[in-house]
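Visitor: The structure follows.
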Amino acid sequence: MPKENYPRHVAIIMDGNGRWAKKRGLPRALGHKAGGDAVKRAVQAAETLGLECLTLYAFSSENWKREEEEISDLMNLMRRFIEANLKDMIERRVRLKIIGDYKAFAPDIVAKLEDALERTKDGDRTLAVALNYGAQQEIARAARLAAEEGSIDPESISKHLYTADLPPLDLLIRTSGEVRLSNFLLWQSAYAEMLFMDLLWPDFDEDCLRDACETFATRERRYGGR
């Protein structure tokens, strides 16, 4: 299938790190580490496949309810990921964008993120990472900002979403076999195609993303029409 039929913007709910580790008798922290390796593969695959934007659900606003040790592991993974991949992102001209209230994280993580945002701002393609993100909170925030400007309608709300400067969402993927959106990109998914995959996130690779793009290319998008 020609790449021009591929989606411009793909979002992924990266689910299954814990189950991947449990199946192998490993601690959850190693599942998250393996998930981090899958993120690298996905970002590289997005470049190979010519995607304009890849959006990843990395840490939801509900994830704060997890065990303190697991949250600490995720924070340390975030630190290491930025340190290990920033140079490569700059060289590959990948622009980092954060959606969500990332300033709720520890000051050193906020500083690393803001440094990465500044140093990658001129990139040609976008990696959007959802951190401390919840779609319902995003919509409420956008509606509040729209109301302050005097009108609440789809256009004014869309203008104030975190994703306002990104291409429209074409394809949303969820791994692990779960079939729900889990408070992710609810507004943006209104007419997106969806694909739910049975494999666990650490097993995701370039072939998985290519297959998803091929599936997308065969679908007829009607946007409510016939």
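Visitor: PRE reach from ILE152 (point 7 Å along Cα→Cβ): which of segment 164-198 fall under 17 Å by backbone N?
Guide: Label zone hits: 187.
Visitor: Something else about it: Between ARG219 and LYS40, what is the label-point separation in nm under the 7 Å Cα-to-beta-carbon projection?
Guide: 3.1
Visitor: Here is a further query. With θ taken as phi - 60° and the coefficients 6.51, -1.76 and 1.60, list the Karplus ³J(HN,Hα) couplings across segment 83-91 in order, rounded to whole Hz; mark glycine and proline as x.
Guide: Karplus-based 3J(HN,Hα) across segment 83-91 equals 4, 7, 10, 4, 4, 5, 4, 5, 5 Hz.
Visitor: Each residue of segment 111-128 in turn: what ³J(HN,Hα) in whole Hz from Karplus with 6.51, -1.76, 1.60 and θ = phi - 60°, glycine and Pro shown as x?
Guide: Values per residue, Gly and Pro as x: 5, 5, 5, 5, 5, 5, 4, 5, 6, 10, 4, 9, x, 8, 10, 10, 10, 9 Hz.
Visitor: Find the all-direction average of the projected area of the Cα convex hull for segment 3-218, expressing the result in square nanometres with one decimal place.
Guide: Averaged projected hull area, Cα only: 12.0 nm².
Visitor: Calculate for the chain the 222 nm mean residue ellipticity that helices alone would give, adding -39,500 (n - 2.57) per DSSP H run of length 4 or more and normalising by residue count, nearest 500 deg cm²/dmol.
Guide: -14500 deg cm²/dmol
Visitor: Say each of LYS121 and LEU186 gets a label point 7 Å from the Cα, pointing the same way as Cα to Cβ; how far apart are those two points in nm?
Guide: 3.2
Visitor: Which is the longest stretch in the chain that no exposed loop site breaks, taking sites as GluC sites (Glu not before Pro) with a DSSP loop state and at most 16 other Cβ atoms within 10 Å?
Guide: For GluC sites (Glu not before Pro) (loop position, at most 16 other Cβ atoms within 10 Å), the longest site-free span of the chain is 68-177.
Visitor: Here's a follow-up. Hey, what did segment 3-218 get for relative contact order, percent, Cα under 8 Å, at least 6 apart?
Guide: Result for segment 3-218 is 32 percent.
Visitor: Let me ask something else about it. In whole Hz, what ³J(HN,Hα) sequence does segment 187-204 give by Karplus (6.51, -1.76, 1.60; θ = phi - 60°), x for Gly and Pro?
Guide: 5, 5, 8, 3, 10, 6, 6, 10, 9, 10, 10, 7, 6, 7, 3, x, 8, 6
Visitor: Under 5 Å between amide hydrogens, which residues at least 5 positions from MET14 or on another chain qualify, with H placed 1.01 Å from N in the peptide plane?
Guide: Answer set, sorted by chain and number: TYR57.
Visitor: Now a separate question. Which residue, chosen from TRP20, CYS53, ALA42, occupies the Cα position most advanced towards the positive end of the dipole of segment 1-71, where the dipole is computed from +1 (Lys, Arg) and -1 (Asp, Glu) charges on Cβ about the Cα centre?
Guide: Positive-most Cα among the choices belongs to TRP20.
Visitor: Using a Förster radius of 35 Å, what is the FRET efficiency between SER72 and VAL179 based on their Cβ-Cβ separation? Nearest 0.05, please.
Guide: FRET efficiency, SER72 to VAL179: 0.70.
Visitor: Long-range amide H contacts for THR120: which residues qualify at under 5 Å (H placed 1.01 Å from N, peptide plane, sequence gap of 5 or more or a different chain)?
Guide: LEU96
Visitor: What is the calculated FRET efficiency for ALA84 to ALA143, with r their C-beta to C-beta distance and R₀ = 30 Å, to the nearest 0.05?
Guide: Once the sixth-power term is evaluated, E becomes 0.20.
Visitor: May I ask you to list the trypsin sites (Lys or Arg not before Pro) in segment 102-206 that are in a DSSP loop and have at most 15 other Cβ atoms within 10 Å of their Cβ?
Guide: LYS121, ARG180
Laboratory data are not the source of any read-out in this text; all were calculated from the coordinates shown. Because the structure is a prediction, the values reported are computed rather than measured. Reconstructed Cβ throughout: ideal geometry from the backbone, glycine too, with neighbour counts over all protein chains shown.
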